[in-house]
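Participant: Before we start, here is the structure in question, set down as structure tokens.
The values are calculated or read from the model by the stated rules, or taken from the named source; none is laboratory data. On a predicted model such as this, the values are computed, not experimentally measured, just so you know. Here the Cβ is made from the backbone with ideal geometry for all residues, glycine too, and neighbour counts use every protein chain on show.
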Amino acid sequence: MSVLFFLAKCWAMNYNQHIHNGKGECIMKKWTALVVVLMLLCVCGIITGCTCVHEWSEGDCEKPKTCTLCGQQEGEPMGHTWQEATCTAPQTCSTCGAVYGEALGHNYKSITYEPTELDEGFTVYTCSFCGDSYEGDRVEALGYPITEGTLVFRADGVAYLYDGNQEVVETYTGWMTDVYKIEDDYDINAGGVMTTTPWYFSWPQVTNVVIENGVAPASTAYWFTWLPVENILIGDGVTSLDEAMFMYCNSLSTVKFSRDTHLEKIGDYAFEDCWGLREITLPHSVTQIGDGAFYGTDKLDIELPGSLTQIGVNAINNCVVTIADDHPKFHMQDNCMIDTETKTLVAAFEGCIIPDDGSVTKIGDGAFFGCYGVRSIMIPEGITHIGDRAFMSCADLRYVTFPETLVSIGKEAFAFCDLEILVIPDGVTTIGEGAFSDCHYLWSIVLPKDLTMLPASMFKECNALQNVVLPQGLTEIGADTFSQCSSLSMVELPDSLISIGTGAFANSGLSSITLPQGVTVIGDHAFYGCTSLREVMLPESLTTIGDLAFYGCTGLSSVTIPAGVTAIGDNPFAYCSNLSDLTVSPDNTTFLMRNGMLLDLNNSVLILFCGSIMYPEHFDVIGAYACAGYEGMTIAIPEGVTTIGKRAFADCGNLVSLYIPGSVSEIGSGAFVNCAGLSDVKIPQGPTTLNGWFAGCTGLRILELPASITSIGDRSFEDCVLLPNIKYRGSKEQWMQIDKTWYWCGWEMTMEIVCTDGVVREDWYFPY
């Protein structure tokens, strides 16, 4: 610092003062230069004790960090960050924009699309480096052949049917909704009314169907069903093939789609039972195939597109199916189609073996539907769920081994199989309705110990079933569970049972049944038609007996209704022809048995009549089936009765005389059906609806109807062959206002209606 001070002092001396050396030379200029040099050295920090600050500029790709004052450099240049060359640009530094070399240039590869019947041909050129593409080399569409029976749908909303000379023979409009034939003199553009001739009267000659590009029908369900269509060409405007669109087109062999199709959905049963179908290429736009879409097309090879995400029940079971190895949703393994994500076996094909490697945990709905030739199946451990109708109609299936891991069995899972013995593991807690229905060879079953409910129709029509052990803890037997099990003569019901469902044992072979204490409900038709049933013990816990619960149990001779019963439906003992001892507990406060009549005291209803004459008791209603099958010849309905229920006097074959009092205002359907001996009936004023009252009354000769009748239902006088006329207590005008069904007689004849002011002649017949 002392040197700097001295130099500064010298610099401050009078500029005009001259300093000489010993030789007399002026040294001012020399000192000035020295001062400048020394100052620079100090600034740059070379001379000890000096303090200086660099002003740095940032480095770049080619030079390092540099002081703008002294030019000093530090570090290294950053270097270029080169981006790869592209088809249109050389290597380029992303930092400074410098370039190196040359662009690669495009490398175009070509794919040629040949022209089709609906689509132009063209070539797509695509660069393998950058993906740039363009189309060229266009060729006109081939066009489709116009042969006899070709039906063409066009964008003008008109369909044209051609003959063999390529002449239009018929035109149709309105095909977007309801198709009608256009008459020769109808101007399509003029509007107005067309003929009402439906399309299907003239379409049977259609053999080829073309839906041109740009055409998008609003609805096509069932349009072509049963027609002799051989070839189908579908344009790009169709987004879905509706339900059953080509069902039963047995002549159909080929289906082609426009190359640019937007088809997304093939509806339920769209090609069901198209036996002749040989060729169809599913577009890569299809995402959904509906239930049974290709059922019955067992000669068809199908490749599933990668776009497919949803496939319905039994959609492709009969086909030969190919799935690409890289399909994102499904894969094939051991002739099984598997949903990879959900581990569900979707469809089984010939030779299918259920994988046991953990790739399958569920057998999907309808997976094995209709598989023939399979006699036994071992379901591997790890399977937890068997879907609805999974093995339905596997007609040759006799034996199934279930895994211990199984938890649930779906609806109708094994319906219509030839199973003989069933052992269902204890882990199963849920079984769907009809799971084993119509298994006609099934004779023995072992049910899971923790099962609390037997679902509806579980063993319906298993007519070989003899041995069944119901688990303790079972509380409910569902509707029709053992219906039609004609070989089932005995079954032990567990003490835990509370409810017996509708038709649970209907038409079974039961000879006796003991209902345990705890049962509160016997459902409608529960033991309907059990003609072998000789004995039934109703428990004191019982509160409800449903409609026709023991209908037609002709072997039943004795029944006691317990004190706790508070509800009895339509005559539960109708047609129990040998029931001679029907009693009601004296402690029952709701029902009473007196003079051959079972009465509902609370509702004033006659439930059952089995006496020799109708005594003048106090009740308002003769219930449904109350006197059905009565073998007496005469019944006098007491005054005060207002309602005669459905089929109340049905099948009273010996009944020749029936008095109906004026108090009756309502008569139910079929009230007197099949009363063959009844010859003379007078209906009092009041009833309004005559609904099948006298069908089968072959001996009816005299009938008087009141003016209150406003409608006559179907088959109301069917087989009344001896009825010469009807006496109607109203005017001809009133008679003509009555609402009559087309088939109110059921047979062809001419009838005279004798009104208060004259006779009306009417033809009774089915008009179609």
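Participant: Go through the stretch 327-345 and report how many residues are out of contact with any Ser or Thr (no Cβ under 7 Å at 6 or more places or on another chain) and farther than 16 Å from Thr287 by Cα.
Facilitator: 10
Participant: Determine, yes or no, whether Lys256 is under 25 Å from the mean Cα position of the chain (by Cα) and charged (D, E, K, R).
Facilitator: Working: under 25 Å from the mean Cα position of the chain (by Cα): no; charged (D, E, K, R): yes.
For Lys256, the condition - under 25 Å from the mean Cα position of the chain (by Cα) and charged (D, E, K, R) - is not met.
Participant: So, in the stretch 664-678, of the ones that are buried (at least 17 other Cβ atoms within 10 Å of the Cβ), of a type outside the set (Phe, Trp, Tyr) and touching a strand residue (DSSP E or B) at 6+ places or on another chain (Cβ under 9 Å), which residue ends up farthest from Cys627 (Cα to Cα)? Talk me through it step by step, then tell me what you get.
Facilitator: Within the stretch 664-678, the first condition is being buried (at least 17 other Cβ atoms within 10 Å of the Cβ), and the residues that meet it are 664, 667-676, 678.
Narrowing further to those that are of a type outside the set (Phe, Trp, Tyr): 664, 667-671, 673-676, 678.
Cutting the leftovers down to touching a strand residue (DSSP E or B) at 6+ places or on another chain (Cβ under 9 Å) gives us 664, 667-669, 671, 675, 678.
Working: Val664: 16, Ile667: 14, Gly668: 13, Ser669: 14, Ala671: 10, Cys675: 12, Leu678: 14 Å.
This residue is Val664.
Participant: If you scan the stretch 684-695, which residues turn out to be crowded, with 23+ Cβ neighbours inside 10 Å and not in a strand (DSSP E or B)?
Facilitator: Narrowing the stretch 684-695 to residues crowded, with 23+ Cβ neighbours inside 10 Å: 687, 690, 692-695.
The answer is Pro687, Gly692, Trp693, Phe694, Ala695.
Participant: Something else now. For the stretch 250-270, what are the residues that are assigned to a loop (DSSP other than H, G, I, E, B) and under 22 Å from Ile311 (Cα atoms)?
Facilitator: Of the stretch 250-270, the ones assigned to a loop (DSSP other than H, G, I, E, B) are 250-253, 258-264, 267-270.
Scanning the stretch 250-270 gives Thr261, His262, Leu263, Glu264, Gly267, Asp268, Tyr269, Ala270.
Participant: For Tyr399, all conditions in the list (1) touching a residue at least 24 places away in the same chain (Cβ under 8 Å); (2) closer than 27 Å to Thr342 by Cβ; (3) surrounded by fewer than 19 Cβ atoms within 10 Å (Cβ to Cβ) hold save one; what is the number of the exception?
Facilitator: Just one mismatch for Tyr399, condition (2).
Participant: Checking Gly370 against (1) crowded, with 21+ Cβ neighbours inside 10 Å; (2) closer than 24 Å to Val286 by Cβ, which test does it fail?
Facilitator: (1)
Participant: Can I ask one more? Assuming Asp356 fulfils every condition listed in (1) of a type outside the set (Phe, Trp, Tyr); (2) within 19 Å of Phe459 (Cα to Cα); (3) surrounded by fewer than 19 Cβ atoms within 10 Å (Cβ to Cβ) apart from one, which condition is it?
Facilitator: Single failed check for Asp356: (2).
Participant: While we're looking at this one, here's another question. Taking the stretch 274-283, which residues are surrounded by fewer than 22 Cβ atoms within 10 Å (Cβ to Cβ), in a loop (DSSP other than H, G, I, E, B) and of a type outside the set (Lys, Arg)?
Facilitator: Scanning the stretch 274-283 gives Trp275, Gly276, Thr281, Leu282, Pro283.
Participant: Shifting gears a bit: Is there a residue in the stretch 123-133 that is modelled with pLDDT of 90 or more, hydrophobic (A, V, I, L, M, F, W, C) and either within 30 Å of Asp260 (Cβ to Cβ) or not in a strand (DSSP E or B) (or both)?
Facilitator: Taking every residue of the stretch 123-133 in turn, at least one turns out to be modelled with pLDDT of 90 or more, hydrophobic (A, V, I, L, M, F, W, C) and either within 30 Å of Asp260 (Cβ to Cβ) or not in a strand (DSSP E or B) (or both).
Participant: Select from the stretch 323-352 the residues that are of a type in the set (D, E, K, R), out of contact with any Cys (no Cβ under 9 Å at 6 or more places or on another chain) and in contact (Cβ under 8 Å) with a residue 12 or more places away in the chain and list them in ascending order.
Facilitator: The initial filter retains those residues of the stretch 323-352 that are of a type in the set (D, E, K, R), namely 325-326, 329, 334, 339, 341, 343, 350.
Subset that is out of contact with any Cys (no Cβ under 9 Å at 6 or more places or on another chain): 325-326, 329, 339, 341, 343.
Across the stretch 323-352, the qualifying residues are Asp326, Lys329, Asp339, Glu341, Lys343.
Participant: Right, here's the next one. Run down Pro616, Pro661, Pro638 and say which single residue is at pLDDT 90 or above, surrounded by fewer than 19 Cβ atoms within 10 Å (Cβ to Cβ) and part of a loop (DSSP other than H, G, I, E, B).
Facilitator: Numbers: Pro616 fails: at pLDDT 90 or above; Pro638 fails: at pLDDT 90 or above.
After ruling out the rest, the residue left standing is Pro661.
Participant: For the stretch 342-378, enumerate the residues that are farther than 23 Å from Cys319 by Cα and of a type in the set (A, V, I, L, M).
Facilitator: Correct list: Met378 only.
Participant: Output the residues belonging to the stretch 289-318 that are touching a Ser or Thr at 6+ places or on another chain (Cβ under 9 Å) and more than 16 Å from Val255 (Cβ to Cβ).
Facilitator: Pass one, the stretch 289-318, residues touching a Ser or Thr at 6+ places or on another chain (Cβ under 9 Å): 301-305, 307-310, 316, 318.
Listed by number, the residues that qualify are Ser307, Leu308, Thr309, Gln310, Asn318.
Participant: Here is a list: Gly432, Gly410, Gly427. Which entry is among the small types (Gly, Ala, Ser), without any contact (Cβ under 8 Å) to a residue 24 or more places away in the chain and closer than 21 Å to Met378 by Cα? Walk me through how you get there before you give the answer.
Facilitator: Working: Gly432 fails: without any contact (Cβ under 8 Å) to a residue 24 or more places away in the chain; Gly410 fails: without any contact (Cβ under 8 Å) to a residue 24 or more places away in the chain.
Result: Gly427 is the single residue among Gly432, Gly410, Gly427 that is among the small types (Gly, Ala, Ser), without any contact (Cβ under 8 Å) to a residue 24 or more places away in the chain and closer than 21 Å to Met378 by Cα.
Participant: With Ser94, Ser110 as the choices, which residue is within 55 Å of the chain's Cα centre (by Cα), exposed (fewer than 13 other Cβ atoms within 10 Å of the Cβ) and more than 30 Å from Ile232 (Cβ to Cβ)?
Facilitator: Details: Ser94 fails: within 55 Å of the chain's Cα centre (by Cα).
Matching residue, one of Ser94, Ser110: Ser110.
Participant: Based on this model, can you work out whether Tyr575 counts as closer than 19 Å to Phe672 by Cβ and not assigned by TED's automatic domain parsing to the domain that holds Gly677?
Facilitator: Numbers: closer than 19 Å to Phe672 by Cβ: yes; not assigned by TED's automatic domain parsing to the domain that holds Gly677: yes.
When the stated conditions are applied, Tyr575 passes them.
Participant: Looking at the stretch 159-248, what strands (runs of 3 or more DSSP E) fall wholly within it and have at least 1 residues that are at pLDDT 90 or above? So that I can check it myself, show each step before the final result.
Facilitator: Values: elements: 168-173, 180-182, 208-211, 231-234.
Strands (runs of 3 or more DSSP E) meeting the threshold: 208-211, 231-234.
Participant: Of (1) in a strand (DSSP E or B); (2) assigned by TED's automatic domain parsing to the domain that holds Leu397, Glu433 satisfies all except one. Which?
Facilitator: The failed condition is (1).
Participant: Go through the stretch 500-536 and give me each residue that's at pLDDT below 95 and in a strand (DSSP E or B).
Facilitator: Across the stretch 500-536, the qualifying residues are Ser512, Ile513, Thr514, Glu535, Val536.
Conditions (1) touching a residue at least 24 places away in the same chain (Cβ under 8 Å); (2) touching a helix residue (DSSP H, G or I) at 6+ places or on another chain (Cβ under 6 Å); (3) assigned to a loop (DSSP other than H, G, I, E, B); (4) not assigned by TED's automatic domain parsing to the domain that holds Ser251, marked per residue:
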residue	(1), (2), (3), (4)
Asp291	yes, no, yes, no
Phe294	yes, no, yes, no
Asp298	no, no, yes, no
Ile302	no, no, no, no
Gly306	no, no, yes, no
Val313	yes, no, yes, no
Asn317	yes, no, yes, no
Val321	yes, no, no, no
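Participant: For residues that are in a loop (DSSP other than H, G, I, E, B) and among the hydroxyl-bearing types (Ser, Thr, Tyr), scanning just the stretch 619-635, find the one that is surrounded by the most Cβ atoms within 10 Å (Cβ to Cβ).
Facilitator: Narrowing the stretch 619-635 to residues in a loop (DSSP other than H, G, I, E, B): 619-620, 623-633.
This time we only want the ones that are among the hydroxyl-bearing types (Ser, Thr, Tyr), so: 625, 630.
Values: Tyr625: 29, Tyr630: 22.
Among residues in the stretch 619-635 that are in a loop (DSSP other than H, G, I, E, B) and among the hydroxyl-bearing types (Ser, Thr, Tyr), the one surrounded by the most Cβ atoms within 10 Å (Cβ to Cβ) is Tyr625.
Participant: From Asn595, Asn571, Asn603, which residue is surrounded by fewer than 19 Cβ atoms within 10 Å (Cβ to Cβ), in contact with a Gly (Cβ under 8 Å, 6 or more places away or on another chain) and not hydroxyl-bearing (Ser, Thr, Tyr)? Walk me through it before giving the result.
Facilitator: Details: Asn571 fails: surrounded by fewer than 19 Cβ atoms within 10 Å (Cβ to Cβ); Asn603 fails: in contact with a Gly (Cβ under 8 Å, 6 or more places away or on another chain).
Testing whether each residue is surrounded by fewer than 19 Cβ atoms within 10 Å (Cβ to Cβ), in contact with a Gly (Cβ under 8 Å, 6 or more places away or on another chain) and not hydroxyl-bearing (Ser, Thr, Tyr) leaves just Asn595.
Participant: If we scan the stretch 473-483, do we find a residue that is more than 33 Å from the chain's Cα centre (by Cα), under 21 Å from Leu548 (Cα atoms) and crowded, with 21+ Cβ neighbours inside 10 Å?
Facilitator: Initially, the stretch 473-483 is screened for residues more than 33 Å from the chain's Cα centre (by Cα), giving 473.
Filter again for under 21 Å from Leu548 (Cα atoms), leaving none.
No.
Participant: Scanning for something among the charged types (D, E, K, R), assigned to a loop (DSSP other than H, G, I, E, B) and touching a Gly at 6+ places or on another chain (Cβ under 6 Å), does the stretch 582-592 turn up at least one residue? Can you show your working first?
Facilitator: Our first condition is that a residue be among the charged types (D, E, K, R); within the stretch 582-592, this holds for 587.
Adding the requirement that they be assigned to a loop (DSSP other than H, G, I, E, B) leaves 587.
Imposing the further condition that a residue be touching a Gly at 6+ places or on another chain (Cβ under 6 Å) reduces the set to none.
The answer is no, given that none of the residues of the stretch 582-592 is among the charged types (D, E, K, R), assigned to a loop (DSSP other than H, G, I, E, B) and touching a Gly at 6+ places or on another chain (Cβ under 6 Å).
Participant: Let me ask something else about it. Consider Thr560 against the criteria (1) surrounded by fewer than 23 Cβ atoms within 10 Å (Cβ to Cβ); (2) in a loop (DSSP other than H, G, I, E, B); (3) out of contact with any Asp or Glu (no Cβ under 7 Å at 6 or more places or on another chain); (4) not acidic (Asp, Glu): it satisfies all of them except one. Which criterion is unmet?
Facilitator: Here Thr560 clears every test but (2).
Participant: Looking for something surrounded by fewer than 19 Cβ atoms within 10 Å (Cβ to Cβ), under 30 Å from Thr520 (Cα atoms) and under 24 Å from the mean Cα position of the chain (by Cα) - is there at least one such residue anywhere in the stretch 459-470? Walk me through it before giving the result.
Facilitator: Residues of the stretch 459-470 that are surrounded by fewer than 19 Cβ atoms within 10 Å (Cβ to Cβ), as a first pass: 464, 466-467, 469-470.
Subsequent filtering for residues that are under 30 Å from Thr520 (Cα atoms) retains 464, 466-467, 469-470.
Next cut, under 24 Å from the mean Cα position of the chain (by Cα) only: none.
No; the residues of the stretch 459-470 include none that is surrounded by fewer than 19 Cβ atoms within 10 Å (Cβ to Cβ), under 30 Å from Thr520 (Cα atoms) and under 24 Å from the mean Cα position of the chain (by Cα).
Participant: Sticking with this structure for a sec: Considering (1) at pLDDT 95 or above; (2) buried (at least 16 other Cβ atoms within 10 Å of the Cβ), say which one Leu579 fails and leave the rest.
Facilitator: Leu579 satisfies every listed condition except (1).
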